[in-house]
Structure formats: structure tokens, C-alpha cells
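Contents: one structure, followed by commentary.
The values are calculated or read from the model by the stated rules, or taken from the named source; none is laboratory data. These numbers come from a predicted model, not from an experiment. Heads up, the Cβs are rebuilt from the backbone with ideal geometry, glycines too, and the neighbour counts pull from every protein chain shown. For accessibility, only protein heavy atoms count, side chains too; no ligands or nucleic acids. Shrake-Rupley method; radii C 1.70, N 1.55, O 1.52, S 1.80 Å.
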Amino acid sequence: MDNINKKACVVTFGCQQNEADSEKIKGVLASMGYDIIDGDMTADVSNKFGEFANPGDLGGCDVIIMNTCAVREHAELKAFSRTGQLKHYKNKNKDLLIGICGCMIEQEHVVEYIKNSFPYVDFIFGAREIHRLPEIINQALTSKKRILDKTECDGEVIVEDVPVLRDSQFEAKVPIMYGCDNFCSYCVVPHVRGRERSRNKDKILEEVCGLVSSGCKDITLLGQNVNSYKNPDPANPDYNFTDLLSDIIKIDGDYWVRFITSHPKDVPDRLITLMNENKKLANHFHLPVQAGSDRILKLMNRKYTREYYLDLVEKLRKNVEDIAITSDIIVGFPSETDEDFEDTLDIIEKAQFDNIFPFIYSKRKNTPAAEMEDIVPRKEKTDRFERLVKLQNEISVKKNKTYEGRTVKTLVESVYKKLYGGDKADKSDGGYLAGRTSTHKLVIFRGGIDLIGSFVNVKINEGRLHGLYGEICN
Ligand code: 5AD
Ligand code: SF4
């Protein structure tokens, strides 16, 4: 295919799994000859008006792909709003191809809506069909027909060796398993991403080895239930997530390995011991609790009690020195009472999370929770949300203050643009840089851009709500 001088853009919504899928989509498009325009700016989630942050970038594109998220209604509305804006580009360039993929198009009612409301969308494809993109694009170009029926492909099969165009040379995302079997009652993921299936361990080890030898410093293993990983090789059926981590950290080099997202039901003692023993394993556990009341946890089908969860947090804190624990919380689940909510505040207080990602419950079609009576008024949900954020902010500041006076190994990520002088960082004057600790705390300090992608030691002078401020002391 002759795509010389043609440009493509992938706009990504949602989680790190979607970011990893987008890296594959970009890899496939690049292998077809397209120049890839950075779509991340265009999906800027902080833009409340649902508009593209950098609309100019899209003007010259020949292919635009929206990689969507369905986990909450807000993400869907934003993707629809952005798709609506693409009409303007199609009017200007009738040869522009517009494709939609990701979790949204795994839902029939969404596909119907796209068919009827966005006549300028040319094709859709599933996350399990990325390797078929050349065929789909070719078909769209030659047939001049819309391709809105997803092809039946074997959802159980993991296609390996799809080209990847990574967003960063020193921080990499490595999916190790896909799908989810947990069926939390509020969650659309098992319905759109399918059943759990894991990659072959040798393929994962090969990928991580390659990344480390090319200088990658921070590797995040990804999965909707990353710690439920099971090697699919029948010759080695008992090989699990802890085995995989043990093998990964045997790879020589100066790097960190992280993993996200874990389900609290699958945290064996061996994993905790391993985290304590090996500094290559980042000192951070993201462990979504979702709610603090046993009644709500049961309605959510989370398969654990608050007591089990708090015991697990205690075990982690006791056995892994300095570990940072973060969590996801849903506020306003159907029938949540004041008392239930107080239990959520109480679990936050007791667990002393380093940080949380709080969400207001969002009703998702075809999930069991969508059938439950949702009696909590909107105002009550937002009030609860604010109380929860306020409590967590106090805890986060307190946690960050404990870093004051300490020197922490930090991976330098980027220029820190938010602070005065940040975007002026250069080799001579050294503006502000942003980095991450092993515990995934944001660190802000002065330095030259040549440090980006390397480890430095930073002495922390001040812990604030959103990060640690310090100075390099190598
Ligand atoms: N409403 C609100 N938050 C949700 N999440 C998943 N489904 C929903 C929903 N329907 C949150 C959970 C999960 C995170 C990725 O998104 O907290 O851990
Ligand atoms: Fe959704 Fe629960 Fe699976 Fe996480 S574990 S993806 S919240 S169903």
C-alpha cells in the first residue's frame, strides 16, 4: 500500500489498556506507511467542553481513529462529542477515513447509534482486531462503503507480534492478560472486553527483555485483573502472576516493574514477600476497594469484606517497607445510604491510602447494577464525593509530608509545564522537571532536559497535595 506522505492520528480515551492498544494501532498504521500525528493532545481530558485541544493537528490527516472507553457515561459522551466534531474535517476532505474502536463499539446499541447519527464514520473495529486494520482500511478505501459490522474473530485467541509504536522510550506498557471474569455488578468491562485470557509467559519475558536492553526504565504490566495472570501453556499450568514477576526481575538492569490493576482477592503472601525483597518491583500497590460497607461490597459482587481488605492492607504495610497503596472508590452506588457512605469514609481513614481515584457511580447498560433502584439523589452523590475527596486530600498531604528531608530515587519523566519556568527548561538554565518515585509519587525539581529518561536522586524539601518538591543531589 502506498501511503507515503499520508498522515494518521489516534485519539485515545480511557485507561492504560487503551493506551497500550493505541500504541499497537499506531504501530500497524506506521507499518502501512502512515506518519503518525500525536493524538494525545487532541484527547486532552481536562477540556471540559468536549472539544479537541489541538484541532489544527487533525486538519491534515488521512485517517483518524478514536479509541474509546465505555467504563462511565462521561467517557462515552466525550467520545461522541469529539466524533461529532470530525464532521467538519470530513466536509473539508471527503477522502478522510474515520474509524472508531475500543470498548464503546463492543456494545450493540452504540454501534446502532453510530450507524444512524454519525454517517461520516467509515469503519469500526474491536480491540481484538487491531492486526486486521490494514485489511479493514484497504476495504474501506476500495469499496467506498461503510464497514460497521464487526467481523467475528475468536475472542479467546491472543494475536502476538503486532507492531507497536511506543509513546515513550523509557516507560513502557506491557499487557499480560486481557478481559475480566469478575463481573462486578456495576462494571461494563467483562461485557466489552470478554473473558480473562493471559499471554504466554515466554512472549512476555521476551518483550520485557527487549525493553530493558533498549534502555527502558519503567515497565508497567497491564491487565484488568493483572494479578489473576495464568500462563496458558498446558505444559506449565501452575505458573502464575508471582512466578512471572519472579522471572521478570531476574532480567539484569536498572529498571522498575509495576503492575495495574489488581483485584484484592488474588494477593498471595508470596507476592507480598517478593515485593519486600526486590527493589526492582516498584513499591506501589493499586488495590481498588470500591466501597467500605459490606452490604454495598456484596451488591457490587466484589467477593471480599471490609475486614478482609483492611487485613490485606495491614499485611502489606507490615511486610513491605514504605509501600504506597492507592485505590479506586465508587460513590453513590444504587441504594447507598448515609451509613454505607460513612463506612467508605471509615475505610479510607483506616487504610490511609496514598491516593485514591474517586468516581461517582455511572449506570451502565446490561450490567446487574443498572437494574437496581438508584434512589440516591444527584446532589447527595456530589456532596458525598466532595466529602470523600476532602478526607483523602488531608491524608495525601500527610503522607507526602513524611517524605520531607528524605532522598528518593526518581525517574525523570518530562519538563514540568504547570509550574512557572517549566517549559523554559533547557540544558543551560535548568527549568523544572517532573519525575516519579518507585511509589509513583510526582516529584518536582530543577534540572536540564538531558536528564529526562534517567534516574536521579532528589532530596525532598516539601511534600504537598499533588507531589514532592525537592532538589537533585546526585
Ligand atoms: N461507575 C463508576 N465507576 C466505575 N468504575 C467501573 N465501572 C464504573 C461505573 N459504572 C470504576 C471502578 C474501577 C475504575 C477503573 O472505574 O472504580 O476500578
Ligand atoms: Fe470491572 Fe470488576 Fe473486572 Fe475491575 S474486576 S474490570 S471493576 S468487573
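Of all accessible surface on segment 184-293 at a 1.4 Å probe, what whole percent is carbon and sulfur? Can you show the working numbers first?
Working: 1880 of 3850 Å².
Carbon with sulfur: 49 percent of the solvent-accessible area.
Is the shape of segment 107-227 best called rounded, prolate or oblate, per the rule: a/c under 1.5 gives rounded, else a/b larger than b/c gives prolate, else oblate, with a ≥ b ≥ c the square roots of the Cα gyration tensor eigenvalues?
It comes out oblate by the Cα gyration axes.
Under a straight-distance cross-link criterion of Cα-Cα below 16 Å, which aspartates and glutamates are reachable from Lys390, leaving out those fewer than 8 residues away in the same chain?
Asp328, Glu342, Asp343, Asp346, Glu349, Asp354, Glu380
Counting each DSSP H run of 4 or more residues in the chain as -39500 (n - 2.57), what helix-only mean residue ellipticity at 222 nm follows after dividing by all residues, to the nearest 500 deg cm²/dmol?
Computed ellipticity for the chain at 222 nm equals -10000 deg cm²/dmol.
Which aspartates and glutamates have a Cα less than 15 Å from the Cα of Lys78, not counting those fewer than 8 places away in the same chain?
Counting by Cα, and skipping residues close in sequence, Lys78 has these aspartates and glutamates nearby: Asp40, Asp44, Glu51.
Check which residues have an amide H placed less than 5 Å from Thr439's amide H, if you skip close sequence neighbours.
Amide H to amide H, under 5 Å and 5 or more residues apart or across chains, Thr439 pairs with Asn283.
Hey, what did segment 107-202 get for relative contact order, percent, Cα under 8 Å, at least 6 apart? Mind showing how you got there, number by number?
Details: 70 pairs, mean separation 21.0, N = 96.
Normalised by residue count, the contact order of segment 107-202 is 22 percent.
Would you pull out the residues with amide H under 5 Å of Ser293's amide H, same chain only if 5 or more places away, H placed 1.01 Å from N?
HN-HN under 5 Å from Ser293: Thr344.
Be a star and scan segment 362-402 for residues whose amide nitrogen sits under 19 Å from the point 7 Å along the Cα-to-Cβ vector of Ser117.
Counting only backbone N, you get 362-367.
Hey, got a sec? Which chymotrypsin sites (Phe, Trp or Tyr not before Pro) in segment 177-231 land in a DSSP loop and have at most 16 other Cβ atoms within 10 Å?
On the way: sites: Tyr178, Phe183, Tyr186, Tyr229; in loops: Phe183, Tyr186, Tyr229.
Filter output for segment 177-231: Phe183.
In nm, to one decimal, how far is the modelled label at His466 from the one at Ser214, with both set 7 Å along Cα→Cβ?
3.1
Restricting to Cα pairs below 8 Å that are 6+ residues apart, what does the relative contact order work out to for the chain? Please round to a whole percent.
Worked out over the chain, it gives 9 percent.
Under 5 Å between amide H atoms, partner at least 5 residues away or on a different chain: which partners does Ile360 have, H built in plane at 1.01 Å?
Val331
What percent does the relative contact order of segment 124-276 come to when contacts are Cα pairs within less than 8 Å and at least six residues apart?
21
Which value, in Å², gives the accessible area per residue of the chain when a 1.4 Å probe is used on the protein heavy atoms?
Counting only protein heavy atoms, the per-residue value for the chain is 45 Å².
Enter the Cα centre distance for the pair segment 224-247 and segment 296-334, rounded to the nearest angstrom.
Here the answer is 23 Å between Cα centres.
Taking 20 Å as the cut-off for C-alpha to C-alpha distance, list the pairs among Lys24/Lys265; Lys217/Lys441; Lys417/Lys441; Lys24/Lys92 that go past it.
Correct reply: Lys24/Lys265; Lys24/Lys92.
Is the shape of segment 79-142 best called rounded, prolate or oblate, per the rule: a/c under 1.5 gives rounded, else a/b larger than b/c gives prolate, else oblate, with a ≥ b ≥ c the square roots of the Cα gyration tensor eigenvalues?
It comes out oblate by the Cα gyration axes.
If you take every DSSP beta bridge fully contained in the chain, what fraction is antiparallel? Give it as a percent rounded to 5.
Expressed as a percentage, antiparallel bridges in the chain total about 35.
Can you give the longest stretch of the chain with no exposed loop site, where a site means GluC sites (Glu not before Pro) in a DSSP loop (not H, G, I, E or B) with at most 15 other C-beta atoms within 10 Å?
161-320
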